[in-house]
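Notes follow once the structure below has been shown.
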Amino acid sequence: MNFFDESTSINIITNYIKKNTSILRENEIIKKVESAGEGNMNVVLRIKTNFKSFILKQSRSHVKKFPHIKAPLERIYAEYCFYNLVKKNFFSPKVLGFISEDYVLFLEDLKKCRDLNYIYDSRKIDNNKVNKLTLILHNVHKTRVHENYPTNITLRKLNYDHIFILPFLKDNGVQLNNIQDGLEELSMPFKENTNIIKRVNNAGKNYLDRGNTLLHGDYYPGSWMERNNNIFIIDPEFTFLGSKEFDLGVMTGHLILATGQTSYLKKICDNYPDKIDNIEVATYCAIEIIRRLIGYAQLPMKRSISEKSDLLKLAKELIIN
Ligand SMILES: Nc1ncnc2c1ncn2[C@@H]1O[C@H](COP(=O)(O)OP(=O)(O)OP(=O)(O)O)[C@@H](O)[C@H]1O
Ligand SMILES: [Mg+2]
C-alpha cells in the first residue's frame, strides 16, 4: 500500500496521480501539498497545482491522531459510496477518483469554505442555515440505496462503544477532572442510573441494527461547511443504512450543545418533511449531548462547569421523559 502525508514529496504524489487518475492535465504541475484542515481520523491533504486544487483523503488502520485506537481502512470506501449516491444534489464535493487498494479518495476542493465549528463559540446559528441543514439531511435520507451498500459495521461498532457504552461506564479511562475540575462528579448519575442506562442500551441496539435509510452518520458542525449562503456536507465516513432519527438526534444534540436552547428539538422535528419518531430523536439527541460532555470525543467548546451541568440536566430530562 502507498502511504501519503504532508511530508510525501511532490514528485511521488505527481507520479502516483498521473498513473492512477486523470485529474492532472498534460502541462499541469503540482506546486504544493499541505494539510487540508483540522481532522483527527484520516490523512487529508490539499494539493495545489498551477491550475487548481483538490483534496486527497486516505484512511489508515488506526485513528490518525490516536494511533492506539484501531479503525477499519474500509471506512474510506463507505465515504466514497455515500458521495456517489448523493452527487446529483450538489451539496457535497465531487469525487475525482478512488484508488481502492490504497484507500485513497480524491475530492473536489470546496474552496473558501469554513466549517460550522464556530457555532460552539458564537452560541448561535441562523434559522436559515438550520433549515438548509434539515433539508439537506432529508435529501440524504430519501436517496435510493442498493442492498449491497457498505454496512460499515466495524467503524460503527467503534462508534457504538464511544457513544453508547464508554461514557456510561465508571472506569472508562477518561480522566474527566483533568479535562475540567468537577466533570467527574457531573458524570456519576449517568454511570449509576439504571433507568438511563437501559434506555441508552436500547438506543445503542437500534444503532447497530440494519435500517433502510441512507445516513450521513456524523451530522455535526465539523461536517458542515459554508460558503456565502451555501451549505456543503463532508466527511460521511460513518455512513450506513439505519434510522433517520439517529442523524436528526446528532444534529439537534449539537445545536443544543452550541446554543443551550432545547427548542431546536421541536423545531427540527416539526420542520423535517417526513414522519419521524420524535422520542427516538430526543433520545439520540440526549445521548450525543452526554457523550460529547463526559466521553472521549470532546468538542472544541469552552463552557463553565455549571453550564455543562445545565446541559447534562437537560439531556437527562430528554432521556427520561
Ligand atoms: N472537499 C473538501 N474541500 C475543502 N476542504 C476539505 C474537504 N474535505 C476536507 N476538507 C478540510 O479538511 C478537514 C478534515 O477533513 P475531514 O473532516 O474529511 O477529515 P477526517 O480526518 O475524517 O476528520 P474527523 O477527525 O473530523 O473525522 C475538514 O475539516 C476541512 O477543513
Ligand atoms: Mg471523519
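Brief remarks on what is shown
- Residue among VAL140, VAL33 that alone is at pLDDT 95 or above and within 17 Å of the chain's Cα centre (by Cα): VAL140
- For GLU288, the test of being over 23 Å from ASN206 (Cα atoms), among the charged types (D, E, K, R), modelled with pLDDT of 95 or more and in the same structural domain as THR151 (by TED's automatic domain parsing) is failed.
Every residue, every condition in (1) touching a residue at least 40 places away in the same chain (Cβ under 8 Å); (2) part of a loop (DSSP other than H, G, I, E, B); (3) away from ligand 2 (no atom under 16 Å from the Cβ), yes or no:
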| residue | (1), (2), (3) |
| --- | --- |
| ASN2 | yes, yes, yes |
| GLU26 | no, yes, yes |
| LYS32 | no, no, yes |
| GLY37 | yes, yes, no |
| PRO72 | yes, yes, no |
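- Single match in ASN206, ASN212, ASN230 (criterion: in contact with a Cys (Cβ under 9 Å, 6 or more places away or on another chain) and not hydrophobic (A, V, I, L, M, F, W, C)): ASN230
- Summed over the stretch 259-301, the residues that are farther than 25 Å from LYS191 by Cβ, assigned to a helix (DSSP H, G or I) and in contact (Cβ under 8 Å) with a residue 40 or more places away in the chain give a count of 5.
- Across the stretch 51-69, the number of residues qualifying as modelled with pLDDT under 95 and in contact with a helix residue (DSSP H, G or I) (Cβ under 8 Å, 6 or more places away or on another chain) comes to 1.
- Unique match (being away from ligand 1 (no atom under 11 Å from the Cβ), assigned to a loop (DSSP other than H, G, I, E, B) and crowded, with 18+ Cβ neighbours inside 10 Å) among PHE82, PHE91: PHE91
- Among the residues making up the stretch 215-242, those that are in a loop (DSSP other than H, G, I, E, B), crowded, with 22+ Cβ neighbours inside 10 Å and of a type outside the set (D, E, K, R) are HIS216, GLY217, TYR219, TYR220, ILE234, PRO236, PHE238, THR239.
The values are calculated or read from the model by the stated rules, or taken from the named source; none is laboratory data. The structure presented is a predicted model; accordingly, all values stated were derived computationally and were not measured. Using ideal geometry, Cβ is built from the backbone for each residue, glycine included, and neighbour counts are taken over all protein chains shown.
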